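Note sheet for the following structure.
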Amino acid sequence: MLQGICLDDSQSAVLAKGRIYYLFPNGSNHYYVSKFPNPKAHTGCFQAEMFAIYEGELWPEEPGVRVIELDPEKVYKASLIWRRQGYQSTELKEYYIEPKDRHAYFFHDRELKRCGGCYPLHWFTGFVEVTEETEQISEEIVIEFEENDLIYTEDVQEFNGYEQLSLF
């Protein structure tokens, strides 16, 4: 079964540029294109030049294992730079981490209440020890931002149900 990335979506409203599709040959210059691995569930027949075929996975390689010496009694802030393909829902961003040997529990909040999981330490980079002083500096930056810039909020009305449209 072939898979390919859409290179050109200008001739179709059902294709998205950069998205991976299943391709089923229809002659030498066309493919039936599907979002599913089922040739009967195709969304149309398109020119072969609109797709780049690949056979392997398009996922970056795992960073090399490196020895990172961190104190397991301290909390650090670090950036997650890689995760396995099955973990795409975990964002690549900064987290608070508690190191444990070669792994680290990562948290979304400073209070370490919202745990995101446990990943190998070499998936993180830019370790900075979190102390009261570093947290106070980041709070001052947020307060300065709020005082100097306008913050817009949107008043959202609660939806109470549907109502019949009356034309006359």
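The values are calculated or read from the model by the stated rules, or taken from the named source; none is laboratory data. What you see is a predicted model; the values in this text were computed from it and never measured. The area values use the complete protein model at the heavy-atom level, side chains included, leaving out ligands, DNA and RNA. Shrake-Rupley method; radii C 1.70, N 1.55, O 1.52, S 1.80 Å.
Taking the 1.4 Å solvent-accessible surface of segment 1-113 as the whole, the part contributed by carbon and sulfur is 48%. When nucleic acids and ligands are ignored and a 1.4 Å probe is applied, THR90 ends up with an accessible area of around 20 Å².
Spatially, segment 114-130 and segment 3-76 are offset by 29 Å when compared through their Cα centroids. In the complete set of protein chains, residue-level accessible area for PHE36 is approximately 120 Å², probe 1.4 angstrom.
Rolling a 1.4 Å probe over the heavy atoms of the protein chains gives segment 21-130 an accessible area of 64 Å² per residue.
Converting phi to 3J(HN,Hα) with the Karplus coefficients 6.51, -1.76 and 1.60 and the offset θ = phi - 60°, segment 112-123 yields 6, 9, 9, 6, x, x, 9, 10, x, 4, 6, 7 Hz in sequence order, with x at every glycine or proline. Exposure check, 1.4 Å probe, all protein chains in place: HIS42 carries approximately 80 Å² of accessible surface.
Accessible-area rank, largest first, for ASP8, ASP109, ASP101: ASP101, ASP8, ASP109, with all protein chains present and a 1.4 angstrom probe. In straight-distance terms, cross-link reach from LYS100 covers every one of the lysines whose alpha-carbon lies under 24 Å from its own, apart from those fewer than eight places away in the same chain; here that gives LYS74, LYS77, LYS113. Accessible-area rank, largest first, for CYS115, CYS6: CYS115, CYS6, with all protein chains present and a 1.4 angstrom probe. Amide H to amide H, with H built 1.01 Å from N, GLN3 comes under 5 Å of LEU23, TYR54, counting only residues 5 or more places away or on other chains.
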